[in-house]
Amino acid sequence: MRRLFRLLALLLLAVVVFVALFLAWNHYQLRGLRPLLPTQSTLGAAGSLGSAGELPVRIRAIESASQTMPRGQVLAAGEAEADAPFEMSHVSFVIGWADGRLFVVDAGMEPEAAIAFGQPVKLLAGGSTVETTASLADQLGAATARVSGIGFTHLHADHVQGIGALCRARRETLPLYRGRLQHEKTNFTTDPGKTLLDEAGCTDAQVIGDAGLLPVPGHPGLALVPVAGHTPGSQVFVVDVQKAGGAPHRYWISGDVANAKDGILEDIGKPWAYRTFLVPEDEERLGEVRRWLRELASKPDSTLFVPHDRASHTAIR
């Protein structure tokens, strides 16, 4: 019996060591990825990403699911309102031009996938039952034919799974615009999303650069910035929208740099256990990106959208 206990203890120790080394490797991989963040002078003022008359004329948030949980589950310990309810959103952003073209940032999830995704949050983090609407493709309807490009803030499954429905609703190949890091680097948290993307079968990857401000070809007023930190290929999107009768306005789509807008505005990281074990992150890098976004989005002609923070984009649905 003692021998059995020893073998079990050794087996448990081996598992712990393996997990520790596995997580350490993923943290190390992320810490080696620090793409250059463009300065304000490089970015220019709102409207500088395209010529007059060529900019997008609208941006819309399309939510596929939402779930309520305590704020303390998305912001680090010590946050003053940890028990207050937080509305976690799963959303796609659809950018439109005057000629009818559409560009999609993130694909959200189909209802069954969203319910399955939300079950661990409900059990482990005190979340509510997931509320679903419909897939991005179903909500776009006939407008799916006008989607001329797609991009992803990162390749986690909750941002990618809806691509299957979008591909089924279309007949044409869909250009997928991304930086080189997202195209070439994955880890265990993004491999499932990459598989979903590959299996969807309708996207044609277009690598548009390595780092800095990367304008999206054929879509004036739209650019992406590789930032890493959350995943190897995490990207922030920048959109200059020409509002009717007004000056251009700049929108920032942060991806999961933070899950709550206050994480960026107050420079608060995610809970330690989440960023250490569940989704290994480079917290030092994310701090740099949070402060960079906070400064840029503080300007009167700029608005910050944090995809998982429902309150940050409710006004544009």
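The values are calculated or read from the model by the stated rules, or taken from the named source; none is laboratory data. None of these values were measured; they are calculated from a predicted model. Backbone-built Cβ (ideal geometry, glycine too); neighbour counts: all protein chains shown.
Right, residue 31: under 25 Å from residue 233 (Cβ atoms) and among the charged types (D, E, K, R) or not? Judged against the criteria, residue 31 is a match. Of the helices (runs of 4 or more DSSP H) lying entirely inside the range 261-317, the ones with 1 or more residues being at pLDDT 95 or above and more than 18 Å from residue 230 (Cα to Cα) are found at 283-297, 310-313. The set of residues from the range 118-150 being among the small types (Gly, Ala, Ser), within 30 Å of residue 103 (Cα to Cα) and in contact (Cβ under 8 Å) with a residue 12 or more places away in the chain comprises 118, 134, 135, 137, 143, 145, 148, 149. For the range 177-189, the count of residues that are touching a helix residue (DSSP H, G or I) at 6+ places or on another chain (Cβ under 7 Å) and aliphatic (A, V, I, L, M) is zero. Restricted to the range 235-266, and to residues that are touching a Leu at 6+ places or on another chain (Cβ under 6 Å) and of a type in the set (Phe, Trp, Tyr), which residue is surrounded by the most Cβ atoms within 10 Å (Cβ to Cβ)? Checked the range 235-266; the qualifying residue surrounded by the most Cβ atoms within 10 Å (Cβ to Cβ) is 237. Against the test of being at pLDDT below 95 and not polar (S, T, N, Q), the options 172, 199, 131, 184 yield a single qualifying residue, 172. Per this entry, residue 186 is counted among residues that are in contact (Cβ under 8 Å) with a residue 40 or more places away in the chain, under 15 Å from the mean Cα position of the chain (by Cα) and farther than 23 Å from residue 144 by Cβ. Remark: pairs (first residue in the range 215-235, over 24 Å from residue 193 (Cα atoms); second residue charged (D, E, K, R); Cβ separation under 9 Å; 6+ apart in sequence or on different chains) = 218/101; 219/101; 220/54; 220/240; 221/54; 221/240. Of everything in the range 40-87 that is of a type in the set (D, E, K, R) and over 29 Å from residue 213 (Cβ atoms), the residue that is surrounded by the fewest Cβ atoms within 10 Å (Cβ to Cβ) is 83. Where strands (runs of 3 or more DSSP E) fall wholly inside the range 169-234, the ranges with 2 or more residues that are buried (at least 23 other Cβ atoms within 10 Å of the Cβ) are 174-178, 222-226. Pick from 162, 212: which is at pLDDT 95 or above and on the phi > 0 side of the Ramachandran plot? 212 is the lone residue from the list that is at pLDDT 95 or above and on the phi > 0 side of the Ramachandran plot. Considering only residues that are in a strand (DSSP E or B) and either under 24 Å from residue 218 (Cβ atoms) or of a type in the set (Asp, Glu) (or both), which ones fall in the range 128-168? 131, 147, 148, 149, 150, 151, listed by residue number. Applying the set (1) part of a loop (DSSP other than H, G, I, E, B); (2) in contact (Cβ under 8 Å) with a residue 60 or more places away in the chain to residue 239 leaves exactly one unmet item: (1). Residues in the range 145-155 that are crowded, with 19+ Cβ neighbours inside 10 Å, over 17 Å from residue 29 (Cα atoms) and not polar (S, T, N, Q): 5 in all. Consider residue 55 carefully, then state whether it is in contact with a Pro (Cβ under 7 Å, 6 or more places away or on another chain), modelled with pLDDT of 95 or more and more than 17 Å from residue 225 (Cα to Cα). For residue 55, the condition - in contact with a Pro (Cβ under 7 Å, 6 or more places away or on another chain), modelled with pLDDT of 95 or more and more than 17 Å from residue 225 (Cα to Cα) - is met.
Conditions (1) under 16 Å from residue 61 (Cβ atoms); (2) basic (Lys, Arg), marked per residue:
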residue	(1), (2)
252	yes, no
257	no, no
261	yes, yes
279	no, no
291	no, yes
294	no, yes
301	no, no
307	yes, no
314	yes, no
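Looking only at the range 148-160, decide whether some residue is closer than 30 Å to residue 82 by Cα and among the charged types (D, E, K, R). For the range 148-160, residues closer than 30 Å to residue 82 by Cα and among the charged types (D, E, K, R): present. Reported count of residues in the range 269-317, each being of a type in the set (A, V, I, L, M) and more than 14 Å from the chain's Cα centre (by Cα), is 8. Selection of the range 284-317 for residues being crowded, with 19+ Cβ neighbours inside 10 Å, charged (D, E, K, R) and closer than 22 Å to residue 38 by Cβ yields 285, 290.
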